[in-house]
Amino acid sequence: MTSNRPYLLRAFYDWIVDNQCTPHLVVNAEFPGAVIPTQFVQDGQIVLNISPSAVAQFNMDNTELSFNARFSGQPMRVEVPIKAVLAIYARENGEGTVFTAEEDEVFEGDDVEIQEIDTSTSQSQEEPKTKKKASHLRVIK
């Protein structure tokens, strides 16, 4: 069987957007093939806002997700291998799921701290704000 991770990511993305929330990805920034803004990497991870209002040309297939976004006012093409995605959650309430790095199994991460970086496409030259937020992630089987 193929990996269930890309299917779960698409489902959670659609569910979060359909509920008028902001989808965020936690990405392993050290994963081979990840093209991300390295200046925002903290502890080997980066959190990316992938809401439709924050990104352009968003594409997610079974091997990679990609989009265009602005980081500190600078445009960038972001490419993330699906296996580099560690979690997807809604910024507003922490609902989402966490994936293990080694396997495509979902696990509970109630005490995971997630650092948030806003990648909105606004023309603002402000630096992205970083804050810690405890997640409310649940086991999905």
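The values are calculated or read from the model by the stated rules, or taken from the named source; none is laboratory data. This one's a predicted model, so the numbers in the text were calculated from it and none came from an experiment. Cβ atoms come from the backbone with ideal geometry, glycine included; neighbour counts cover every protein chain shown.
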**Q.** Residues that are surrounded by 13 or more Cβ atoms within 10 Å (Cβ to Cβ) and more than 17 Å from VAL41 (Cα to Cα), drawn from region 63-80
**A.** GLU64, LEU65, SER66, PHE67, ASN68
Q) Within the set of pairs 6 or more residues apart or between chains, which connect a residue that is in a loop (DSSP other than H, G, I, E, B) inside region 78-94 to a residue that is surrounded by fewer than 21 Cβ atoms within 10 Å (Cβ to Cβ) with Cβ atoms less than 6 Å apart? A) ARG91/THR22; GLU92/CYS21; GLY94/HIS136
(Q) Filter region 42-56 down to the residues that are part of a strand (DSSP E or B), among the polar types (S, T, N, Q) and within 16 Å of ARG77 (Cα to Cα) and list them by number. (A) ASN49
(Q) Six or more apart or on different chains, Cβ atoms under 8 Å: show the pairs whose first residue is in region 4-17 and within 12 Å of ALA87 (Cα to Cα) and whose second is surrounded by 14 or more Cβ atoms within 10 Å (Cβ to Cβ) and basic (Lys, Arg). (A) ARG5/LYS83
Q) Residues PHE12, PHE40: which one is surrounded by 17 or more Cβ atoms within 10 Å (Cβ to Cβ) and modelled with pLDDT of 95 or more? A) PHE12
Q) Are any residues in region 81-98 surrounded by 20 or more Cβ atoms within 10 Å (Cβ to Cβ) and touching a Gly at 6+ places or on another chain (Cβ under 7 Å), and if so, which ones? A) ALA87, ILE88, TYR89, ALA90, VAL98
**Q.** Condition met for ALA34 (surrounded by 14 or more Cβ atoms within 10 Å (Cβ to Cβ) and over 13 Å from the mean Cα position of the chain (by Cα))
**A.** no
Q. Of all the residues that make up region 87-96, how many are touching a Phe, Trp or Tyr at 6+ places or on another chain (Cβ under 6 Å) and under 17 Å from LEU65 (Cα atoms)?
A. 1
Q: Report, ordered by the first and then the second residue, all pairs with beta carbons closer than 9 Å, sequence separation of six or more or different chains, a first member in region 58-72 that is on the phi > 0 side of the Ramachandran plot and assigned to a loop (DSSP other than H, G, I, E, B), and a second member that is of a type in the set (Phe, Trp, Tyr) and at pLDDT below 95.
A: SER72/PHE40
